[in-house]
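The values are calculated or read from the model by the stated rules, or taken from the named source; none is laboratory data. Computed from a predicted model, the values in this text were never measured in an experiment. Cβ placement follows ideal geometry from the backbone for every residue including glycine, while neighbour counts extend to all protein chains displayed. Protein only, heavy atoms only, side chains kept; ligands, DNA and RNA dropped before computing areas. Shrake-Rupley method; radii C 1.70, N 1.55, O 1.52, S 1.80 Å.
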Amino acid sequence: MNNSEISRIVDPTFIKDLIKHYFLENGYDMDYVNEYLNHIEITIRNKPVYSRYISQEKVERDASKLHKSGALVLCNQNNLYARDYNTTYACVDGRGYFPANAAPRHIHETWYLLLDDCYKRKLHVLRIPANSFKATDFHYRQDNGSIVLSINQNLIDLHPEDDIANYLEKFRVTTIDY
């Protein structure tokens, strides 16, 4: 039995029959049970399956985001030959930032940033030529040394705590609607 068969069977009448069966087996007077059931309304709603700790907005965003592999395929379909080894992918969060971590080696190689605005269904493709930035232009994670990117929707990597603001708009190659 699959979900669609179950949803056809489970309706308010089915639920009322279950309630009647329960009370009948436990010795209740069926006249009282029927009277009670005539005064209630039962509504069946299908709820989305997600953890109570995850917002519905996050569930919808995650369902529509490309992920890195999908973004690479989209780039290749548009004759932008980004590869996994020199690419950083980030999906916009609820605050309007593209958070990501990148390997420090990217500073010294041609580096693609794929920024997925899954709300607007747009992929911003940035191509940063090797040595466009110095190592001191970025904030780094203390635990593993990765570059921390916090790119806002104006394509600025902002880290006010370190007085860092890298302007990335000039490296945008294209924006792909998907």
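Over the chain, what is the mean sequence separation of C-alpha contacts under 8 Å (at least six apart), divided by residue count, expressed as relative contact order in percent?
On the way: 234 pairs, mean separation 27.2, N = 178.
15 percent.
Just to confirm, what accessible area per residue do you get for the chain at 1.4 Å probe, in whole Å²?
On the way: 11640 Å² over 178 residues.
Each residue of the chain exposes 65 Å² on average to a 1.4 Å probe.
At what distance in angstrom do the alpha carbon centres of region 1-42 and region 70-132 lie from each other?
Using only Cα atoms, the two centres lie 54 Å from each other.
Considering Cα pairs under 8 angstrom that are at least six residues apart, work out the relative contact order of region 115-178 and quote it in whole percent.
Working: 82 pairs, mean separation 25.1, N = 64.
With pairs under 8 Å counted, the relative contact order is 39 percent.
For Val33, what is the net charge nearby, where nearby means another residue's Cβ is under 14 Å from its Cβ and Lys, Arg count +1, Asp, Glu -1?
Numbers: positive: Lys16, Lys20; negative: Asp17, Glu25, Asp29, Asp31, Glu35.
That sum, taken over residues with Cβ under 14 Å, equals -3.
With the full set of protein chains in place, find how many percent of the accessible area of region 54-178 is carbon and sulfur; take the probe as 1.4 Å. Show your work: numbers first, answer last.
Values: 3250 of 6650 Å².
Accessible surface attributable to carbon and sulfur in region 54-178 totals 49 percent.
Of all DSSP beta bridges located in region 82-125, what percent are antiparallel, nearest 5? Kindly include the intermediate steps, with their values, before the conclusion.
Values: 4 of 9 bridges.
So the antiparallel bridges amount to about 45 percent of the total.
Dipole size in debye (nearest 20) for the chain around its Cα centre, Lys and Arg Cβ +1, Asp and Glu Cβ -1?
Charge dipole, the chain, about its Cα centre: 840 debye, nearest 20.
Just for the Cα atoms in the chain, what are the lengths along the principal axes, largest first, rounded to whole Å?
83, 38, 26
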